[in-house]
Amino acid sequence: MIPYGRQSIGAADLDAVKGVLESDFLTQGSAIPRFEQALAKTVGAAFGIAVCNGTAALHLACMALDIGPGDRVWTSPLTFVASANCALYCGASIDFVDIDLTTGNLSVECLRQRLASSSSAGTLPKAIVLVHYAGRPAGRAEIAALAQQYGVALIEDAAHALGAEDELGPIGNGEGSSATTFSFHPVKIITTGEGGMVMTNNSALAERMRRLRAHGVERELASLDYEGGGDWYYEQQELGFNYRMTDIQAALGISQLDRLSGFIARRREIALRYIERLNGLPIGLPTDMSDAEGRHAWHLFVIQVADRARVFAGMRQAGIGVQVHYLPVHLHPYYRKRFAFDEGDFPAAEAFYQKAISLPIYPDLTEDEQNYVVQTLEQLI
Ligand SMILES: *Cc1c(COP(=O)(O)O)cnc(C)c1O
């Protein structure tokens, strides 16, 4: 089976992991801060807080922004459930803003209208979780300006978009947002097995997220509420979690990060080749970005086909592990039952979903494998 995405593990990755396994610290050692600093430098953020997965990163960002009961959070319906679940973990309510059919990203026009009407009604959200769908930057400059105009916080869910850039620079540099989260699940741009990181330029938010990552426990003398009277002393100041990453994972993350630009270049090469080879077929294709617009990270290559069920089944039958990204979040049974969402609520996201198929795209996909994907698709269309 050719999967839609998979990790690329090299000799340096194996050495890095082995090195930690032979060292004194498997967790809470020096690899974590080294990984945090390396990624912060790569994306141009002041701080990075490594955590056990991308979902934990989103949860910490919401908690650090004091999102809680009575607050509203908005996100795109065309995303993985974690982009919405993070608000629910905090007791907030969730709503969605429909997408732009050409990119799969949140529609700036829909957002503009919803902000205006919600402002009049006094129902503005406390935060927006902005998803850079498939690795394509989601109009951050315009959306950040709108968010600022209405006093709404912005969290970027950049699980797809490590290595992407827009006119404000690398995704993750925090231009216009309070926090940006990454995921290092094996299908994402770089991997640590499971893992994630939340980036911010705000030192108070960074300190809070660091504390919440480890049970809400504080050890720094200057930050203690009480004087403990000894080096053994630590105190829990608020309710946090064990969301730590291990040093084994962080060492893998450091060596993976060394290959980031190569990974992105290879993904782009595959995407451009798909676009060239599939151009004549009656299917919808994603587009690349010009150098002036920025850089697409090409986490996903999502095409639009009329007869999706048949094409999907045919591809799977041929040993090609195509996927669908995503069933819109509001149509999951949990969301329908709890919030009374229904079909028709976000028509663009639903129309996108109806025709969407994600083709294999990952650095180690061979030319032969890609040819096979293209030929199989041609036969089915
Ligand atoms: C993968 C993903 C996440 C969650 O990341 P995990 O590391 O799997 O917890 C969040 N949002 C989006 C859009 C994702 O694709």
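The values are calculated or read from the model by the stated rules, or taken from the named source; none is laboratory data. Predicted model, so just to flag it, every value in this text is computed and none were measured. Cβ sites come from the backbone with ideal geometry, for glycine too, and all protein chains shown count toward neighbours. Surface accessibility is based on the protein's heavy atoms, side chains included, excluding ligands, DNA and RNA. Shrake-Rupley method; radii C 1.70, N 1.55, O 1.52, S 1.80 Å.
Summary table below
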read-out: Crossing angle, helix 247-257 versus the chain [Cα axis fit, 0-90 degrees, rounded to tens]; value: 50 degrees
read-out: Label-to-label distance, nm, for residues given as Leu239 and Glu369 (7 Å Cα→Cβ offset); value: 4.5 nm
read-out: Dipole axis of the chain (+1 Lys, Arg; -1 Asp, Glu on Cβ), positive-most option in Ser76, Gly19, Ile9; value: Ser76
read-out: Virtual paramagnetic centre 7 Å along Cα→Cβ of Glu276, amide N under 15 Å, in segment 356-370; value: 367-368, 370
read-out: With every protein chain in place, segment 1-146: carbon and sulfur % of accessible area (1.4 Å); value: 55 percent
read-out: Over the chain, relative contact order from alpha-carbon pairs under 8 Å, at least 6 apart, %; value: 23 percent
read-out: Cα shape, segment 234-381, gyration tensor, a/c 1.5 rule; value: oblate
read-out: Max mean-square fluctuation residue, GNM over the chain, Cα-Cα springs under 10 Å, options Ala250, Ala64, Ala158; value: Ala64
read-out: With 10 Å bins from 0: P(r) over segment 1-145, alpha-carbon pairs, percent; value: 10, 28, 32, 19, 9, 2, 0
read-out: For the chain, with +1 on Lys and Arg beta carbons and -1 on Asp and Glu, the positive-most of Gly139, Pro347, Ser255 along the dipole; value: Pro347
read-out: Two-site label geometry, Val324 and Ala141: point separation in nm, points 7 Å out along Cα→Cβ; value: 3.7 nm
read-out: Protein accessible area in segment 184-276, 1.4 Å probe - carbon and sulfur %; value: 50 percent
read-out: The chain - convex hull of alpha carbons, volume per residue in Å³; value: 140 Å³
read-out: Surface accessible to a 1.4 Å probe, per residue, for the residues of the chain, Å²; value: 43 Å²
read-out: Between 0 and 90°, nearest 10: helix 367-380 axis offset from the chain longest Cα axis; value: 50 degrees
read-out: Whether segment 102-258 is rounded, prolate or oblate, judged on the alpha carbon gyration tensor where a/c under 1.5 counts as rounded; value: oblate
read-out: Nearest-ten-degree value, helix 11-21 long axis tilted from longest Cα axis of the chain; value: 30 degrees
read-out: FRET efficiency estimate (nearest 0.05) - Cβ-Cβ, Thr123 to Asp342, R0 22 angstrom; value: 0.65
read-out: Dipole magnitude (debye, nearest 20) for the chain, charges at Cβ of Lys, Arg, Asp, Glu; value: 720 debye
read-out: Tyr150 versus Tyr226: modelled label distance in nm, points set 7 Å from Cα along the beta carbon direction; value: 4.5 nm
read-out: Net charge, Gln370 excluded, C-beta distance under 15 Å - Lys, Arg +1, Asp, Glu -1; value: -1
read-out: Prolate/oblate/rounded call for segment 25-91, Cα gyration tensor, a/c under 1.5 rounded; value: prolate
read-out: Förster radius 25 Å - calculated FRET efficiency between Ala265 and Ala46 (Cβ-Cβ, nearest 0.05); value: 0.40
read-out: Solvent-accessible area, 1.4 Å probe, carbon plus sulfur percent, for segment 301-345; value: 52 percent
